[in-house]
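Remarks on the structure that follows.
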Amino acid sequence: MSDVLRVRAAAGVLRAAMKNGLETPDDLAQVLEDCCLLQSPKAEAARAAAGPPPAISSEQHTIGLDVEGDSPAADLALRLRGSQYDVTHTDVRNATEVQVTVRPQSPDCLRWWLAKFAADPATGVYVGDAYTVQGRHKTVTVYLVVTGDAVTAWSGAVRRAS
């Protein structure tokens, strides 16, 4: 999608959201995010080149037996699974904690995930080929597990910076 079409799409989404009563910056940003309009064009191009995302079985998305389906953590996991191709696994531990496993297409996408959950890259740990860091999204504690080639590209930069 070209930058012009991206801006037009975002403007249309924002107009519709405001018409439906959403007015706060957080609500409007969430609408853009849910429509994948805040991710970088490079990430979108990489996703298009990779083809359609693989089918995800229900075993890859778990929710604790004692967790309500409308809890903040379950709602966040559902929205991420429905709108973000990078998400490969979600595990809702309780009403306010979720583990999200992603496979970003590039280091830029990884930076987007870290920013999304306000996660400090210096606090993350490497376990095998995965990078795990804790962050937050509103009232939910998010344990972000990053896998794939972006981890390898990112790990050298994080280690050099810390």
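The values are calculated or read from the model by the stated rules, or taken from the named source; none is laboratory data. Remember, predicted model here, so these are calculated numbers, not experimental data. Every residue, glycine as well, gets a Cβ built from its backbone with ideal geometry; the counts of neighbours run over all protein chains shown.
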Checklist entry - For the stretch 139-162, what are the residues that are touching a Gly at 6+ places or on another chain (Cβ under 9 Å) and at pLDDT 90 or above? => result T141, V142, Y143, L144, V146
Checklist entry - Could you say whether any residue in the stretch 42-52 is surrounded by fewer than 18 Cβ atoms within 10 Å (Cβ to Cβ), on the phi > 0 side of the Ramachandran plot, at pLDDT below 85 and within 13 Å of the chain's Cα centre (by Cα)? => result no
Item to check | Residue among A122, A74 that alone is in contact (Cβ under 8 Å) with a residue 12 or more places away in the chain, part of a helix (DSSP H, G or I) and over 24 Å from D27 (Cα atoms) | outcome: A122
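This table checks each residue for (1) modelled with pLDDT of 65 or more; (2) within 24 Å of A150 (Cβ to Cβ); (3) among the hydroxyl-bearing types (S, T, Y).
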position: D3; (1), (2), (3): no, yes, no
position: A16; (1), (2), (3): yes, no, no
position: Q60; (1), (2), (3): yes, yes, no
position: G82; (1), (2), (3): yes, yes, no
position: D91; (1), (2), (3): yes, yes, no
position: N94; (1), (2), (3): yes, no, no
position: V102; (1), (2), (3): yes, yes, no
position: Q105; (1), (2), (3): yes, yes, no
Checklist entry - Counting only residues that are out of contact with any helix residue (DSSP H, G or I) (no Cβ under 8 Å at 6 or more places or on another chain) and modelled with pLDDT of 90 or more, how many does the stretch 124-137 have? => result 2
Checklist outcome for this item: When the stretch 86-111 is checked residue by residue, the ones that are part of a loop (DSSP other than H, G, I, E, B) and touching a Gly at 6+ places or on another chain (Cβ under 7 Å) are R103, P104
Checklist entry - Of the residues L65, L114, which single one is on the phi < 0 side of the Ramachandran plot, within 10 Å of the chain's Cα centre (by Cα) and either without any contact (Cβ under 8 Å) to a residue 60 or more places away in the chain or not in a loop (DSSP other than H, G, I, E, B) (or both)? => result L114
Checklist entry - How many of the residues making up the stretch 125-155 are assigned to a helix (DSSP H, G or I) and not charged (D, E, K, R)? => result 6
